[in-house]
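Colleague: Before I ask anything, here is the structure I am working with.
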Ligand code: NAP
């Protein structure tokens, strides 16, 4: 088994970004990320705190904007308008999910695409699909970086993606479909409507599991030597842990670790890449601004 160590890759990329951020700052364009949290969901709060801490460590400017759960959609839209025209801000991140009285689509569409560092705006999604320069969504982009880091051949590979969400399944399938490197794969997307999941996973050279359900992929479903990318993050009850649960992915890691040629652990695989690619997009946005200003 070859473990794909997301922490190590993330740390390497962050070192490169730190240098770029310092150069940009010296030129008067310190990369800046605005993180907006509406409400007080504990999981969202801890994600937001992690993003802000990462910005500090890397020399990025971060603006922490926390608003009560009662914030109206109009108030949030006008906050986005302000951030869109603020020169200190190169990336705008609205932490999802939003309270149910706010239409997330309207909110995402209000972010100017040049600051859409999450890559969720329809313009960014469309450009990604067309293979044009844009901001790639962070988790799938992180997966691409991990495949690249290990020199895993994607051209001509049979890739099976399990899950079709807008933030993981659909974009990673699209990226690997592009006629470029890494990419050029033959991609199948599976979901709960798929009739015979195992018939697809069995012939895959690369499986990307993003179902959000433990043990979605077990050893009997995988061919010898397949590459396994586990995106899932699931809490399972565990009395031996102080917090009462442990984190597991979507694949049976223990059952698969000898059969797979490469496998990502959970935690420590795809997870550390997500925030790193957010910082990557923020630095890229500042770089684009700096180049345009010349
Ligand atoms: P999601 O929106 O809930 O989508 C899950 C997808 O998996 C859906 O398309 C669903 O099919 C499909 N699915 C569920 N059970 C299945 C099964 N038994 N067989 C086949 N397909 C199945 O989830 P998501 O946002 O993409 O996230 C997926 C997982 O990745 C979650 O555990 C999430 O926490 C994790 N995640 C991790 C990171 C990270 O940074 N590490 C980032 C994002 C997400 P239908 O469409 O038919 O319902």
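No value in this document is a laboratory result; all are computed from the given coordinates. Please read these numbers as outputs of a predicted model, since none were measured by experiment. Ideal geometry is used to build each Cβ from the backbone, glycine not excepted, and the neighbour counts take in all protein chains shown.
Colleague: Cα axis of helix 42-58 to longest principal axis of the chain: angle in degrees, 0 to 90, nearest 10?
Modeller: Computed tilt is about 70 degrees.
Colleague: Okay, next question. I'd like the FRET efficiency for residue 109 and residue 254, computed as 1/(1 + (r/R0)^6) with the beta carbon distance as r and R0 of 45 Å, rounded to 0.05.
Modeller: 0.55
Colleague: By how many degrees, 0 to 90 and rounded to 10, does the Cα axis of helix 271-293 deviate from the longest principal axis of the chain?
Modeller: Taking Cα atoms only, the helix is inclined about 40 degrees.
Colleague: Hey, any idea what Rg/Rh is for the range 69-219, computing Rh the Kirkwood way over Cα pairs?
Modeller: With Rg and the Kirkwood Rh in hand, the quotient comes to 1.04.
Colleague: Another question, then. Would you mind checking the range 34-75 for residues with the amide N under 20 Å from a putative spin-label position 7 Å along Cα→C-beta of residue 101?
Modeller: Label zone hits: 36-42, 66-75.
Colleague: Once R0 is set to 35 Å, what does the formula 1/(1 + (r/R0)^6) return for the Cβ-Cβ distance between residue 213 and residue 75, expressed as a FRET efficiency to the nearest 0.05? Display every interim value, and only then the final one.
Modeller: Working: r = 36 Å, r/R0 = 1.04.
Efficiency for this residue pair is about 0.45.
Colleague: Hey, another quick one. Calculate, for residue 220 and residue 246, the FRET efficiency according to 1/(1 + (r/R0)^6) with r their C-beta to C-beta distance and R0 30 Å; round to the nearest 0.05.
Modeller: Efficiency at R0 = 30 Å is approximately 0.80.
Colleague: Suppose only helical runs count, i.e. DSSP H with n ≥ 4. What mean residue ellipticity at 222 nm does that imply for the chain under -39500 (n - 2.57) per run, divided by all residues and rounded to the nearest 500 deg cm²/dmol?
Modeller: -12500 deg cm²/dmol
Colleague: OK, next. For a paramagnetic label modelled at 7 Å from the Cα of residue 196 toward its Cβ, which residues of the range 206-221 fall within the zone defined by backbone nitrogen distances under 18 Å?
Modeller: Flagged as within label range: 218, 220-221.
Colleague: Across the range 142-241, what fraction of all alpha-carbon pairs, as a whole percent, falls in each successive 5 Å bin from zero upward?
Modeller: Whole-percent P(r) values from 0 Å outward: 3, 13, 24, 25, 19, 9, 5, 2, 1, 0.
Colleague: Report, in cubic angstrom per residue, the convex hull volume of the C-alpha atoms of the range 146-201. Walk me through the numbers on the way to the answer.
Modeller: Values: hull volume 4.4 nm³, N = 56.
About 78 Å³ per residue, rounded to a whole number.
Colleague: Still on this structure, I have one more. Using only the alpha-carbon atoms, how far is helix 138-149 inclined from the longest principal axis of the chain? Give it as 0 to 90 degrees, nearest 10.
Modeller: 60 degrees
Colleague: Could I ask something else about it? Rounded to whole Å and sorted largest first, list the principal axis extents of the Cα atoms in the chain.
Modeller: That gives 53, 44, 34 Å along the principal axes, largest extent first.
Colleague: With the radius of gyration and the Kirkwood radius both derived from the Cα set of the range 177-294, what is their ratio Rg to Rh?
Modeller: 1.08
Colleague: Over the C-alpha atoms of the range 230-294, what are the Rg and the largest Cα-to-Cα span, Dmax, in Å?
Modeller: So, for the range 230-294, Rg and Dmax equal 18.1, 58 Å respectively.
Colleague: Moving on to the next point. Just to be sure I understand the model, the point goes 7 Å from the Cα along the line to the Cβ. What's the resulting residue 155 to residue 19 distance in nm?
Modeller: With each label point 7 Å from Cα toward Cβ, the separation is 2.8 nm.
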